[in-house]
Amino acid sequence: MAGLASDGSNPDVSLLYDINGLAKAAPPWFDRVMGFVGEYGIMLGLVLLALGCWWSVRRRGTPADSVAGLAALIWAPLAAGVALLVNIPIRGFVERPRPFNDHQGLEVLVQGKTDFSFVSDHATMAMAIAVGIFVAHRRFGLAAIGLALTEGFCRVYMGVHYPTDVVGGLALGTAAALLLAPPALALLTPVVSAVARSPRGARLVRSRRAAEHLAVAETVGMPESRLGSGERDLAA
């Protein structure tokens, strides 16, 4: 299995050289930026997106929406952890060397990579988190998926992964986040509901203004789900 994609005529290798060749043509400062983005920046962006999603779901919709959204957000990093654990035996079975070990002339932007190449941990983790965010909030989720795809491109650009390493990582992250979401959310939702009912933890799930707005709506006998978008924004 270690010889996978070792032939230079393989489309996987050809695409690797095409994408990594962009790094050779780019100025050094741009390669440094891409190296940071691919190694750390995308992950930081996903964390910021998750925080923005949390801020949004606790301010809008019904209390049930807030609970479901926060449960999905908690599942996102857990899904990434599960996917990374699944990847450990996959890497050990395939034993695919990093592309720069088998192919000459690559521009490697990050040094010190000594582990196996298939499947990409970064792509796996990024997509698992992105899909978890998508389950919580479609708009934030689409932005997160865009970041995960960018992460995959960066890993090939940096010369540390084959394109199929990235595709495998994206698929593994998606599968882990989606297939295990029903049982995970079934366990997490009651926990988040309990937090929402507690005096100190309630603000983590539902903002004070949203809670006050709901109380007003219930006082006048109008369910929050029937309020117009402008009225809902008053709770933000």
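Quick note: the coordinates plus some simple rules give every number you see, no bench work behind them. On a predicted model such as this, the values are computed, not experimentally measured, just so you know. Here Cβ is always computed from backbone atoms with ideal geometry, including for glycine, and neighbour counts include all displayed protein chains.
Annotations
- The order of K113, K24, going from fewest to most other C-beta atoms within 10 Å of their C-beta, is K24, K113.
- Distance histogram for the range 1-128 (every C-alpha pair counted, 5 angstrom bins, percent rounded to whole numbers): 2, 9, 14, 16, 17, 14, 10, 7, 6, 4, 1, 0
- Projected-area average for the range 76-130 over all orientations - Cα convex hull basis, square nanometres: 4.2 nm²
- Whole-Hz ³J(HN,Hα) from phi, Karplus 6.51 cos²θ - 1.76 cosθ + 1.60, for the range 117-126, glycine and proline x: 9, 9, 9, 5, 5, 4, 5, 4, 5, 4
- Only Cα sites of the range 29-100 enter the Debye sum here, all with the same form factor; the resulting log10 I(q)/I(0) across q = 0.12, 0.26 1/Å is -0.55, -1.10, listed in q order.
- Computed over the range 158-204, the alpha-carbon pair-distance distribution with 5 angstrom bins reads 5, 18, 14, 12, 12, 11, 9, 9, 7, 3, 0, each value a whole percent.
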